[in-house]
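The values are calculated or read from the model by the stated rules, or taken from the named source; none is laboratory data. Quantities reported herein were computed from a predicted structural model and do not represent experimental measurements. A quick note on method: Cβ atoms are made from the backbone with ideal geometry, for glycine too, and the neighbour counts reach across all protein chains shown.
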Protein chains: 2
Amino acid sequence: MAKKQIIVPQILKGTREFGPEEMQKRSSVMQKMIEVFARFGYAAIETPILNPAETILGKYGEEGDRLTYAWEDNGGRRIALPYDLTVPVARFVAANWRTLSLPFKQYMIQRVWRAEKPQKGRLREFYQCELNVIGTRSLMADAEIAKVAAEVFCAVGLPDVVIRVNSRRLLDAVLDKFSVPQEKKIEVIRNIDKLDKAGREKVTEALRQEGIKNSEELMTLLEPAESNEETMKKFLAFDLSELNEFFSLCREYAIPEEMLQFDPSLARGLDYYTGIVYEVVEKGKEGGALCAGGRFDDLCSMFSEQPFPGVGVAFGFERMMLSLEERGLLNNSAGSTRVMVANFGKETEAGCIGMLNELTQNGISAEMYLEASKLEKQMKYADKKRIPFVVMCGSDELAKGEVKIKIMATRKQKSIPQNQLVSYLNGYSSR
Amino acid sequence: MAKKQIIVPQILKGTREFGPEEMQKRSSVMQKMIEVFARFGYAAIETPILNPAETILGKYGEEGDRLTYAWEDNGGRRIALPYDLTVPVARFVAANWRTLSLPFKQYMIQRVWRAEKPQKGRLREFYQCELNVIGTRSLMADAEIAKVAAEVFCAVGLPDVVIRVNSRRLLDAVLDKFSVPQEKKIEVIRNIDKLDKAGREKVTEALRQEGIKNSEELMTLLEPAESNEETMKKFLAFDLSELNEFFSLCREYAIPEEMLQFDPSLARGLDYYTGIVYEVVEKGKEGGALCAGGRFDDLCSMFSEQPFPGVGVAFGFERMMLSLEERGLLNNSAGSTRVMVANFGKETEAGCIGMLNELTQNGISAEMYLEASKLEKQMKYADKKRIPFVVMCGSDELAKGEVKIKIMATRKQKSIPQNQLVSYLNGYSSR
């Protein structure tokens, strides 16, 4: 017989797969985020992964379209995968706003796709988490989103972050003062947005080439001062009422003062932002934002004539996981199974399974080793799965109505009456 | 200015989107399933959605390939979306078995895709949930999977199910007895698998056309009797040791007797099953299975020369949701927000946000209405979001250090001291 062809079990570059341990870490971080969202009244929605191409394409210009996975299906329909979560959310709201509670407080956690050349930190398939309040012009919404972001970073274990804040309205007024013509503004804003990566010199030069005469002076004005108060003072010639009210609301929401930085150079490249914009970065760390967003006046305008003002942020879940990993904050805690019942073969099988039933019925996560292998092999399995307790009940113990419990961390073991097993384990967790 | 083009915010036929209420129902069912899996020591894994086409195609024959979403990306790579979760799991195990705890107890919940013509109950994008033990020949694994399935259906609120059980080994021996040649067996099994949908007459006829002379007699033999014992008696001429041990293990696992039916006509169409097979159906209800699977000897053989015997089932999450919906078991319980703080405008804003902070800091899910709208509008919002409590604190109340609490279900309201708000609400949940 010809040798059977074996297919290499590889995955596509730029995609990832996760085994039990990594999944446990990821779920635990996601759960903490979801807990914060729910605590502030945000609800999950879900939108399709397969989309009619026209609902996804054409929103981010040529570059975005090139990086969108799109193809024609067997029925000649153009299909596209989400490039980010903003467009799917906008489409959802435009289609369903009549039945939603407005303002609509929503979050969505889902994979998105980019037809990129994969490299470090740049994946083809990755998770994003988008959080929005849609349907209100109230600045309370802007402050609340900042509050939720602050709480998320504390909850996941990254409290050393700074929420950089600016106002697109202020930036607009500043550009007016520097005689930047309306049609050049978005290009100028995109250049300023590159400040972190390109550095001040290059941005100043780029602005000069755009025809801004006082680009040096502009960049000096946009530089944040030592404190938020000092920075504010630089803009006394401008209308600061929006920013003042925002910061005052943030104080009412009890966002720690040191977490907020007024940064007049913060621009955010996307052109749909119209008011407060923010970006969350780790203190004293270069590199991209962990979370970013801002206020928009009509996010849904491609799908509806109805105006939907709102404010939203996207959390970079993968980047957050990287930061937590780097800081050693994703330790291998116990696995999901608390107790393994050792397997001593046919003779004691019924008794051991009976014990297993008692454990699981009492809500204790337990499993019996599925084969009557050598005890050493069974113990290795328990160690690898990080199971904290092994229960042993051979024919001697069964006859005496006893069980041996081995505490895997200390390797110590003790015998207790079988009918005290559940209460022993429940007691152990409360010590 | 030309009128802006509005894109219809539609979704692709055969895909679905879920708003907050539906998401809450779905998550709650999923959570119950996950809780059972974890309680029995099963861990989540996750595999990519974008796959090299060769890892997905060619596993289900022409029909499967035709229904798989596959396309060529910009770099000329053939990409495919998962058609089911069995192949991704097999690929994952073949790629990672050296680092896994074996036997590997795993589950995966994820969307899969079929390039179908959508119709009632047939979607292009839907959730599946796959549960497997891989790497053991122990019949305990077969019984454990049945136990977990039984527990899942009890946990989600569908305890009136029957787990129909058969053995491919027995079926094989029966076909030998009826002189079915080896090369015709899989076709015969596929025909028997259609019994539920096609009816006995058509299957008997199809078998006759396959050349089985005693097809009438065969179908009579395969008919289950009144009780499992009676059915067993029909097969005394065959080796029943596997089935006997399986049912005996099921009794040790305390699976309710009435949940298990030995059904010798159960075949399961897929040709990779080699031992015990099962199918979970609702009692007294026609229609497809809610869960199905069985034992396989080498699930991973397309990806590895290593043998990976195991046993697994796939739960049809969407079908389970439909059943729960039909039975009215997905009622609209309270939303995720417990308390809404009413908004009375600027003057009382700081005080009200302070109260909101106290609630959320104490783990009580709360939100303040984001605009100082008319109270009636705010109450409508609370009703629509099914928020059980509304807290009102105008300038009078603030001055007196009081708050008004309105219990939305009864429309009753009472005043309490502000500093008792958290303990009042915590006490309320324990009444």
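Of the numbered criteria (1) free of Cβ contacts under 8 Å to residues at least 12 places away in the same chain; (2) outside the structural domain of A:LEU270 (by TED's automatic domain parsing), the one A:SER101 fails is (2).
No other residue among B:ILE353, B:ILE364 is part of a helix (DSSP H, G or I) and not assigned by TED's automatic domain parsing to the domain that holds B:GLY157 apart from B:ILE353.
Out of the residues in the range A:90-122 that are more than 28 Å from A:GLY41 (Cβ to Cβ) and out of contact with any strand residue (DSSP E or B) (no Cβ under 9 Å at 6 or more places or on another chain), state the one that is surrounded by the most Cβ atoms within 10 Å (Cβ to Cβ). Ranking the candidates gives A:PRO118 first.
Restricting attention to the range B:84-125, which residues are closer than 20 Å to B:ALA38 by Cα, in a strand (DSSP E or B) and of a type in the set (A, V, I, L, M)? Within the range B:84-125, B:MET108, B:ILE109 qualify.
When you check A:VAL87 against the structure, is it within 11 Å of chain B (Cβ to nearest Cβ), farther than 22 Å from B:THR360 by Cα, buried (at least 17 other Cβ atoms within 10 Å of the Cβ) and at pLDDT below 95, yes or no? Please lay out each step first, then the result.
On the way: within 11 Å of chain B (Cβ to nearest Cβ): yes; farther than 22 Å from B:THR360 by Cα: yes; buried (at least 17 other Cβ atoms within 10 Å of the Cβ): yes; at pLDDT below 95: yes.
Against the criterion (within 11 Å of chain B (Cβ to nearest Cβ), farther than 22 Å from B:THR360 by Cα, buried (at least 17 other Cβ atoms within 10 Å of the Cβ) and at pLDDT below 95), A:VAL87 qualifies.
Need a quick list: helices (runs of 4 or more DSSP H) entirely within the range A:126-229 having at least 3 residues that are in contact with a strand residue (DSSP E or B) (Cβ under 9 Å, 6 or more places away or on another chain). Even if it seems obvious, please write down each step before you answer.
Values: elements: A:139-156, A:168-177, A:185-193, A:195-198, A:200-209, A:215-222.
The qualifying helices (runs of 4 or more DSSP H) are A:139-156, A:168-177.
Of everything in the range A:330-363 that's hydroxyl-bearing (Ser, Thr, Tyr) and more than 8 Å from chain B (Cβ to nearest Cβ), which residue is farthest from A:LYS374 (Cα to Cα)? In this case the residue turns out to be A:SER333. Against the test of being closer than 20 Å to A:ASP142 by Cα, in contact with a helix residue (DSSP H, G or I) (Cβ under 8 Å, 6 or more places away or on another chain), surrounded by 13 or more Cβ atoms within 10 Å (Cβ to Cβ) and not aromatic (Phe, Trp, Tyr), the options B:ALA342, B:ALA314 yield a single qualifying residue, B:ALA342. If the condition is being under 15 Å from A:MET355 (Cβ atoms) and assigned to a strand (DSSP E or B), then the range A:395-431 contributes A:GLU402, A:VAL403, A:LYS404, A:ILE405, A:LYS406, A:SER415, A:ILE416, A:PRO417.
Scanning the range A:123-136 for residues that are within 8 Å of chain B (Cβ to nearest Cβ) and either surrounded by fewer than 19 Cβ atoms within 10 Å (Cβ to Cβ) or closer than 22 Å to B:ARG386 by Cβ (or both) yields A:VAL133, A:THR136.
Taken over the range B:358-369, the residue count meeting the criterion of being crowded, with 18+ Cβ neighbours inside 10 Å and out of contact with any Leu (no Cβ under 9 Å at 6 or more places or on another chain) is 2. When A:GLY288, A:GLY284, A:GLY294 are checked against the criterion of being touching a helix residue (DSSP H, G or I) at 6+ places or on another chain (Cβ under 8 Å), part of a loop (DSSP other than H, G, I, E, B) and either at pLDDT 95 or above or under 27 Å from A:SER28 (Cα atoms) (or both), a single residue qualifies: A:GLY288.
Here B:ALA70 passes the criteria (1) facing chain A (nearest Cβ under 7 Å); (2) within 15 Å of B:VAL112 (Cβ to Cβ); (3) not acidic (Asp, Glu) except the one numbered (1).
Within the range A:366-393, the set of residues being touching a helix residue (DSSP H, G or I) at 6+ places or on another chain (Cβ under 7 Å) and within 16 Å of B:VAL133 (Cβ to Cβ) comprises A:ALA366, A:MET368, A:TYR369, A:LEU370.
Being at positive phi, touching a Lys or Arg at 6+ places or on another chain (Cβ under 9 Å) and either within 8 Å of another protein chain (Cβ to nearest Cβ) or surrounded by 17 or more Cβ atoms within 10 Å (Cβ to Cβ) (or both) is true of B:GLY41.
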